[in-house]
Amino acid sequence: MVRAMTEGNLRSAYAGESQAHMRYMIYAERAKANGFPKVARLFTAIAFAEQVHATNHYRNIISKGDALTVSEAVFGSRNTSEDLQAGIDGETFEINEMYPTYLEVAKFQGEKGAETSFRYAWEAEKIHAKMYQKAKQVVDQGKDIELGPMQICTVCGHTVEGDAPDKCPICNAPKTKFRTFE
């Protein structure tokens, strides 16, 4: 049985990743409508990675019933540059505050499944923040980004532009576990 504090963190992480998935899908629609089809593809690919994270967290939740969840959600953006900034802000919160804390609690409580799930997400979020920062710089100049095929590991959410690696550097999944977004 997962201990209460770790399970609460899993539920909040699940809620946050689920919300990020939906926000990024909305941002993708807006980016496409605003003439940024490659930024739209970036949002769509990263939205899938967030779905992978939510799924991993959900698999580690044991108890049934209702729970109040806490997640850092960004609302109110109105254009692609603001959407990218919202993505940067959300990912940065997860990198600097949420996942390091959740990971330490899971380690302290000996919750290996939660520890793995949090670590997978944390490592992928670092990549997402950098990708959003790079895209925002270009969008702020009124241009779409240059973007090759996006590869998302279906096991951990690792995100890479270009060819998928032979083995995922986060979870060691084989190349065949990557989903391509072109």
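No lab work stands behind these numbers, since they all come straight from the coordinates. This structure is a prediction, so every number in the text was calculated from the model and none was measured. Positions of Cβ are backbone-derived with ideal geometry, glycine not excepted, and every protein chain shown enters the neighbour counts.
Length gained on full extension, Glu104 to Arg179: 24.0 nm, using 0.36 nm per residue less the C-alpha separation.
A simple rule links phi to the HN-Hα coupling: the Karplus curve 6.51 cos²θ - 1.76 cosθ + 1.60 with θ = phi - 60°, which for segment 98-106 gives 5, 5, x, 5, 4, 5, 5, 5, 4 Hz, with x for Gly and Pro. Fully extending the segment from Ile62 to Asn34 would add 5.8 nm, taking 0.36 nm per residue of separation and subtracting the current Cα-Cα distance.
Rounded, prolate or oblate: pick one for segment 134-182, where a ≥ b ≥ c are the square roots of the eigenvalues of its C-alpha gyration tensor, a/c under 1.5 means rounded, and failing that, prolate if a/b is larger than b/c, else oblate. It is prolate, given that a/c is not under 1.5 and a/b is the larger ratio. By the scheme Lys and Arg +1, Asp and Glu -1, what is the net charge of all other residues having a beta-carbon under 14 Å from that of Pro149? Cβ neighbours under 14 Å give a net charge of 0.
The relative contact order of segment 4-142, computed from alpha carbon pairs under 8 Å that lie at least 6 residues apart in sequence, is 29 percent. Under a 5 Å amide H cut-off, with hydrogens placed 1.01 Å from N, His158 pairs with Cys153 among residues at least 5 apart or on other chains. Calculated mean residue ellipticity, 222 nm, the chain: -20000 deg cm²/dmol, from DSSP H runs (n ≥ 4) at -39500 (n - 2.57) each, averaged per residue and rounded to 500.
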